[in-house]
Amino acid sequence: MTDFQSLRYRNEFSTSHKLKRLLWELVWLLAFRPTPRWAMHSWRRMLLKLFGAVIGRGCRIAPTCRVWAPWNLVMGEFSALGDGVDCYAMDKITIGSKVAVSQRTSLCTGSHDIGSLDRPLITGPIVIENHAWIAAECFIHPNVTVREGAVIGARSVVLKEVPAWSVCAGNPCKKLRDRVLKEHHV
């Protein structure tokens, strides 16, 4: 007979971490989320920075974007997180410059070890390099790097590294072709 009490999930986060997250959730709910989508970008950047995020100039973060732990978010310049993007930042999420993460995409840095009935939390960082575009409703798995200039097609599930300057899509995500630019931009 199984002792179900011994299989209970153990929350390994400290009380101070839980309180910090609670405070962030309140700030998100009362001061971040109610802002208009088309305005107050600097206000939302400032709120994230107050909670430890590193956000470059010109970034646009939709008010419906959820960031689990802002202190684990780093963004370069002129990048965007669209409507409904879920940054489940249990580990570091690093987003380069001029990156677009489209609506309802999930950047998930946490999971559970299914090799144990205790299902302990495991985490891994996500890195999205400069000039990448993650199209709508994608899922990016922990420990994934999307290399510079890569494009991920809508609703793709990214389980491993994506090569630079490639177009990839699918479940699981696979390279379809190289991304060739028609003109050079800096």
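Answer yes if at least one residue in region 105-112 is out of contact with any strand residue (DSSP E or B) (no Cβ under 6 Å at 6 or more places or on another chain) and touching a residue at least 24 places away in the same chain (Cβ under 8 Å), and no otherwise. No; the residues of region 105-112 include none that is out of contact with any strand residue (DSSP E or B) (no Cβ under 6 Å at 6 or more places or on another chain) and touching a residue at least 24 places away in the same chain (Cβ under 8 Å).
If only residues of region 38-57 that are surrounded by 16 or more Cβ atoms within 10 Å (Cβ to Cβ) and touching a Phe, Trp or Tyr at 6+ places or on another chain (Cβ under 6 Å) are counted, the one that is nearest to ALA80 (Cα to Cα) is ARG44. Only one entry in LEU176, LEU159, LEU117, LEU121 is more than 28 Å from THR35 (Cα to Cα), at pLDDT below 95 and in contact with a strand residue (DSSP E or B) (Cβ under 8 Å, 6 or more places away or on another chain), namely LEU121.
The single condition from (1) within 10 Å of the chain's Cα centre (by Cα); (2) of a type in the set (A, V, I, L, M); (3) at pLDDT below 95 that VAL101 fails is (3). Residue by residue through region 152-171, note down the ones that are assigned to a loop (DSSP other than H, G, I, E, B) and either aromatic (Phe, Trp, Tyr) or surrounded by 13 or more Cβ atoms within 10 Å (Cβ to Cβ) (or both). GLY153, ALA154, ARG155, SER156, LEU159, GLU161, PRO163, ALA164, TRP165 - these are the residues of region 152-171 that are assigned to a loop (DSSP other than H, G, I, E, B) and either aromatic (Phe, Trp, Tyr) or surrounded by 13 or more Cβ atoms within 10 Å (Cβ to Cβ) (or both).
Does ARG155 satisfy the condition of being touching a residue at least 60 places away in the same chain (Cβ under 8 Å), over 14 Å from VAL99 (Cα atoms) and not hydrophobic (A, V, I, L, M, F, W, C)? Against the criterion (touching a residue at least 60 places away in the same chain (Cβ under 8 Å), over 14 Å from VAL99 (Cα atoms) and not hydrophobic (A, V, I, L, M, F, W, C)), ARG155 does not qualify. Contact map, region 22-42: residues that are on the phi < 0 side of the Ramachandran plot paired with residues that are in a helix (DSSP H, G or I) and of a type outside the set (A, V, I, L, M), Cβ distance under 7 Å, separation 6+ or inter-chain. Pairs shown: TRP24/PRO70; PHE32/ARG44; THR35/TRP43; THR35/ARG44.
The numbered conditions (1) of a type in the set (D, E, K, R); (2) within 16 Å of MET75 (Cα to Cα); (3) out of contact with any Leu (no Cβ under 9 Å at 6 or more places or on another chain) are all true for LYS92 except (3).
Residues that are within 21 Å of CYS65 (Cα to Cα), aliphatic (A, V, I, L, M) and touching a Ser or Thr at 6+ places or on another chain (Cβ under 8 Å) within region 106-157 comprise ILE126, VAL127, ILE128, ILE134, ALA135, ALA136, ILE140, VAL151, ALA154, listed in sequence order.
The values are calculated or read from the model by the stated rules, or taken from the named source; none is laboratory data. Source: prediction; values computed, not measured. Heads up, the Cβs are rebuilt from the backbone with ideal geometry, glycines too, and the neighbour counts pull from every protein chain shown.
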